[in-house]
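*Asks:* Mind having a look at this structure? Questions to follow.
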Amino acid sequence: MRKAIWMALIGLLLWCGSVQAADVWDGTTIDDSWETSGDGTAEAPYKISSCAQLADFAAEVNGGSNFSGEHIVLVQDLDLDGNPWTPIDSDASSKKFAGTFDGQGHTITGMTIDNWAKDAGLFGYIGAIGTVRNVEMIGASVSGQNATAYYAGIIAGTNEGTIESCYVNGGRINKFYGGGGVAGTNQGVIKDCGSGASVDGNYCAGGIAGRNRGGAILNSYNHGPVTTTSGNAGGIAGINRVRPVNIKSDIKNCYNTGSVSGGGNIGGLVGSNSNGNIYYSYWRSGAGAERAIGISAGDGAYSGIALFADTGGQLTPGELIAIGGDGDTRPVNPYNDGDASTTTLAEALTQWVMDQAAPSPPLLYKGWVQDETGGYPVLGDYWDSPLGGQVTISGSAVYGQTLTADISGLTPAAAHRWLIWRWQRGDSATGSFEDITGLNASGYTLTSADVNKYIRLQIASGNGNYDAGNAFAVTAQVGRAMPAYILPTLSPVTYDPELTLAEVALPAGWAWDDETIVPTINATGYSASFTPADTHNYLPVSARISLTVTAQPPDPGTDPDPNDPNDPDDPDDPQDPDDPTDPDPNDPDDPDDPEPETPPAPPVGRSSSHGSTPAPVSTPGPNQVTITPDRADPALFLVEITDDKGRRLEQVEGGIIITLPAEDTAVAVLVHADGTEEVIKQAVVENGMLRARIPGSAVLSIKPHPVGFDDVHNHWAAEVISFTAARELMIGTGEGRFSPEMPLTGAMMVLVLYRLDGEIGVSAQTPETGDAGEDADWYKNAVDWAAEHDIVRGVGVDLLAPERPVSHEQLAVTLYAYYFRTLQTLGTQEMGDPAAEMVWAQGDFPDRAAAVDWCAAQGLLTQQPDGSLDLQGPVSRAETAMVIERFIRILLR
């Protein structure tokens with residue numbers, strides 16, 4: 001035993017001999033050598049070993065570096081020797097220190113700040129993610145220019161982050177608007193701290209904080225004098241109040257034994273309380289304040305507030321004056337234990353807590369313990385509950401958009417009174433992350449620095465403990481935004497087999513995808529790409545550019561019109577109705593009459609005059625299309641079409657095709673001026689780009705629209721069925737069924753084309769089945785429309801009833817008719833009763849063979865295994881969905 005004691009004494013002597021004397025500052029020298037002492041990580045922090053190095057560190061922060069996420073440690077006691085000190089963040093909130101400063105138990109003596117006109121302290125301002133810990137300040141003096149000058153504390157003028165395990169040994173604060181032994185204003189967390197400073201503040205003065213504004217003061221004590229001339233003075237905080245929006249201040253497990261005086265509101269714990277909370281705290285009687293709170297307002301909560309009479313660790317009868325709280329500003333329920341002469345204050349307080357009903361939410365309670373520093377008890381574990389549950393992030397992870405956190409899934413709810421938010425960015429979903437500077441809010445707008453990074457949010461409860469009790473949410477990798485762009489308007493070119501797109505110039509940023517293409521007459525456009533100047537933040541765009549190609553003029557040496565009947569050099573014109581040699585110029589059996597081998601090239605869209613569809617606006621010249629994404633909603637686009645005179649075109653004859661980036665399951669929706677929405681039927685997505693035909697200038701919304709039916713799971717046509725359902729072309733047969741193997745009827749066929757044409761008069765939610773007969777209203781408008789536009793005919797032979805199955809051949813003829821007459825109305829034929837039989841006409845109605853050949857060439861008819869076409873076999877609804885999906889792609893060529 002003696003040997004063990006002797007060895008311990010030797011160790012103590014060796015330790016004492018190794019203690020270094022404090023480094024003393026001359027007031028001017030700075031030294032930047034600390035910057036090479038580590039890399040700023042927790043494992044290799046920057047090490048400050050002299051006052052000159054501390055002064056250089058302050059200059060670095062004041063020069064603009066907030067040291068976000070970096071670590072600085074003190075490895076030597078420092079003596080500033082009364083020389084003037086410039087606070088770290090001298091501009092008070094412009095820099096906001098965001099790193100971790102760890103004093104490692106060392107002292108800083110003689111800090112002097114005099115005649116200062118901004119927030120003052122060792123640190124002027126500690127930001128939301130900044131931490132200062134484990135440092136003792138000895139004999140500091142902080143004075144302002146006058147009693148209306150800002151806020152001052154020995155550790156910090158204003159704290160938004162965390163101050164923990166710091167002690168203020170003596171010193172003074174005066175001539176400030178608000179002053180506190182540790183911080184002038186606390187909007188963050190102060191825990192495990194103590195102060196013996198003399199504090200004098202004009203508006204507010206507190207032993208720990210002059211103003212606790214939405215902050216938390218935990219496990220802390222004051223034994224220095226606090227005074228104010230006419231303001232609010234409290235042993236812990238001068239003012240304890242809510243901070244917008246509804247973030248309440250908490251004072252928990254604190255005590256004050258220092259005197260409190262002044263001409264305004266004075267309280268043993270708080271001078272003025274407004275919607276703040278005070279739990280399990282006490283003060284000493286005879287220190288100038290007989291009330292815990294000088295004045296109180298709002299709905300603050302008080303519990304476990306105690307007042308005792310002596311300064312010793314042992315209680316004598318009558319010394320515990322009152323304990324408990326009823327919501328008033330002073331303790332109630334006089335409490336004198338019969339054994340008070342042998343009961344410590346800690347034992348009495350613990351017994352009282354145990355006698356009460358369990359607090360809600362539950363207190364992490366380990367009992368009061370006797371503090372060795374002054375004989376006063378502190379709670380063994382402070383009141384707070386760890387966070388559990390989930391945090392979710394909503395919003396689009398795209399440059400310029402705002403992400404918003406939803407904390408409704410967090411528990412316990414009480415912890416939401418005080419949360420600390422840390423938005424962070426990292427290289428991967430699971431890799432290392434860095435704090436994004438200056439953010440302590442539920443929303444974050446993505447910047448250029450976030451593109452291709454992952455964004456993470458960390459939320460901790462008010463105790464500021466980031467090692468436990470926190471919750472995370474990670475969003476997807478941040479992508480580039482859609483740029484605003486204008487489709488080029490090109491001058492017409494004359495057809496020339498030697499002319500390629502390489503010779504057709506595009507505006508800056510645009511390039512043809514294939515410059516070797518020879519532009520031809522009647523082509524609908526050519527693929528090009530737009531590359532924005534800022535490729536880091538914005539996506540490239542693919543689009544189809546319109547180019548008008550005109551025919552070459554005739555050779556002057558040839559006959560310009562070989563069929564002119566008035567030209568004596570020309571033969572008889574077989575198309576001249578006045579030519580007596582040709583009685584029937586349109587007779588297909590007359591060998592003199594030409595008969596085209598292929599049908600004329602079709603137009604690709606139309607705007608019907610049926611129903612209430614507005615009449616198209618004529619386009620006097622080339623149109624310009626401007627597509628602008630909505631910055632507030634990345635799925636919303638403004639498309640503006642103007643003519644060659646800059647006039648906005650609400651509607652363009654035949655519509656216009658636009659291209660936008662979209663997910664595979666997306667649909668395009670027209671958003672009308674009254675807020676109603678209309679799904680665009682002619683729209684497809686290929687390789688991440690959506691092509692859609694719109695009627696004119698419009699507001700578009702790109703939305704995901706997966707559609708499923710109960711009876712198509714694992715069906716071969718599930719994808720195309722979802723395609724047609726999402727566009728409200730085939731919405732099913734009712735009760736969640738699509739009936740994929742049901743035969744397509746005549747009524748179903750014209751109803752699908754009616755919807756594709758954008759006509760009105762039947763609900764898009766009306767199933768493709770209904771009651772047959774004279775009251776078959778579910779397809780009446782569709783049948784009338786088909787007859788009016790000569791999609792089906794009402795005279796002739798080859799009858800087709802609306803309720804009967806449609807053959808492959810009949811479907812081919814109908815699609816052929818619709819395709820070649822989308823800009824024409826060749827006449828109408830009254831149908832009468834919609835249930836009457838529809839017929840397929842001869843003559844000028846599409847030739848069956850031509851229709852079948854055309855549909856087969858376009859992939860609209862499926863070959864049998866032997867290569868033949870089952871023309872007379874019925875078409876199923878699943879086959880129809882496949883054909884309609886392919887047909888829409890043909891319409892958008």
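*Asks:* Starting from the Cα of LYS175, draw a straight line to each of the lysines and keep only those under 30 Å, dropping any in the same chain fewer than 8 residues away.
*Replies:* Cross-link targets: LYS95, LYS96, LYS118, LYS191, LYS248, LYS252.
*Asks:* Per 0.36 nm of contour for each residue apart, how much would the distance between ILE890 and GLU803 grow if the chain were fully extended, relative to their Cα-Cα spacing?
*Replies:* 28.5 nm
*Asks:* On to the next question. How large is the accessible surface of LYS453 in square angstrom, using a 1.4 angstrom probe and rounding to the nearest 10?
*Replies:* Here the residue's solvent-accessible area equals roughly 60 Å².
*Asks:* Please give the contour-minus-distance gain from ASP633 to GLN104: 0.36 nm per residue of separation, less the Cα-Cα distance, rounded to one decimal in nm.
*Replies:* 185.5 nm
*Asks:* Averaging over all projection directions, find the projected area of the Cα convex hull of segment 157-205 and quote it in nm² with one decimal place.
*Replies:* So the mean shadow area of the Cα hull is 3.0 nm².
*Asks:* Give the residues of segment 114-137 whose amide nitrogen is closer than 18 Å to a point set 7 Å from the Cα of THR86 in the direction of its Cβ.
*Replies:* 114-126, by backbone N distance to the label point.
*Asks:* Ignoring ligands, DNA and RNA, how do LYS96, LYS175 rank by accessible area with a 1.4 Å probe, largest first?
*Replies:* LYS175, LYS96
*Asks:* Here's another thing I want to ask about it. If GLU677, GLU728, GLU35 are ordered by their accessible area, calculated over protein heavy atoms with a 1.4 Å probe, which sequence runs from highest to lowest?
*Replies:* Order by accessible area, largest first: GLU677, GLU35, GLU728.
*Asks:* If you don't mind, another one. What order do you get for 152-160, 118-126 when each peptide is scored by the mean count of other beta carbon atoms within 10 Å, highest first?
*Replies:* Taking the mean over residues of other Cβ atoms within 10 Å, the ranking is 152-160, 118-126.
*Asks:* Same structure, new question: Under 9 Å from the Cβ of THR862, count the other residues' Cβ atoms, weight Lys and Arg +1, Asp and Glu -1, and hand me the total.
*Replies:* -2
*Asks:* Note down the magnitude of the dipole of segment 644-770 about its Cα centre, charges +1 on Lys and Arg C-beta and -1 on Asp and Glu C-beta and zero elsewhere, to the nearest 20 debye.
*Replies:* Using Cβ point charges on Lys, Arg, Asp and Glu, segment 644-770 gives about 440 debye.
*Asks:* Tell me the label-point distance for the pair TRP716, THR626, using the 7 Å Cα-to-Cβ offset, in nm and rounded to one decimal.
*Replies:* The modelled label-to-label distance comes out at 5.0 nm.
*Asks:* Taking 7 Å along the Cα-to-C-beta vector as the label spot, tell me the ASP406-ASP664 distance in nanometres, rounded to one decimal.
*Replies:* 2.6 nm
*Asks:* Place a +1 charge on the Cβ of each Lys and Arg in segment 51-154 and a -1 charge on the Cβ of each Asp and Glu, then give the dipole magnitude about the Cα centre in debye, rounded to the nearest 20.
*Replies:* Approximately 320 debye in magnitude.
*Asks:* By how many nm would the segment from ALA523 to ASN115 grow when fully extended, if each residue of separation counts as 0.36 nm and the alpha-carbon distance is taken off?
*Replies:* Here the segment from ALA523 to ASN115 would lengthen by 138.8 nm.
*Asks:* In what sequence, highest mean first, do 257-266, 707-716, 659-668 appear when ranked by Cβ atoms within 10 angstrom?
*Replies:* 257-266, 659-668, 707-716
*Asks:* At q = 0.14 Å⁻¹, what log₁₀ I(q)/I(0) does a Debye calculation on the Cα points of segment 142-296 give, no solvent, two decimals?
*Replies:* Taking Cα atoms of segment 142-296 as identical point scatterers yields -0.49.
*Asks:* Taking LYS703 as the anchor, which lysines have their alpha carbon closer than 30 Å to its alpha carbon, excluding any fewer than eight residues away along the same chain?
*Replies:* LYS703 reaches LYS453, LYS681.
*Asks:* Using a 1.4 angstrom probe and counting only protein chains, how large is the accessible area of TYR221 in Å², to 10?
*Replies:* Result for TYR221: roughly 40 Å² accessible.
*Asks:* With a point put 7 Å past each Cα toward its Cβ, work out how far ARG737 is from GLU498 in nm, to one decimal.
*Replies:* Output for this residue pair reads 6.8 nm.
*Asks:* Using a 1.4 angstrom probe with every protein chain in place, what is the largest-first accessible-area order of HIS536, HIS106?
*Replies:* HIS536, HIS106
*Asks:* Over segment 115-165, what is the relative contact order in whole percent, taking alpha-carbon pairs under 8 Å and six or more residues apart?
*Replies:* Answer for segment 115-165 is 57 percent.
*Asks:* Next question, about the same structure. Probe 1.4 Å, all protein chains in place: accessible area of ARG877 in Å², nearest 10?
*Replies:* Accessible area of ARG877: about 0 Å².
*Asks:* What whole-number value in Å² describes the accessible area per residue of segment 116-204 for a 1.4 Å probe?
*Replies:* That works out to 23 Å² for each residue.
*Asks:* So, by mean Cβ neighbours within 10 angstrom, what's the order for 225-234, 23-32, 66-75 with the highest one leading?
*Replies:* Top of the packing list down: 225-234, 66-75, 23-32.
The values are calculated or read from the model by the stated rules, or taken from the named source; none is laboratory data. From a predicted model like this one, the values you see are computed outputs, not experimental measurements. Cβ: placed from backbone, ideal geometry, glycine included. Neighbour counts: every protein chain shown. Note: areas computed on protein heavy atoms with side chains; ligands, DNA, RNA excluded. Shrake-Rupley method; radii C 1.70, N 1.55, O 1.52, S 1.80 Å.
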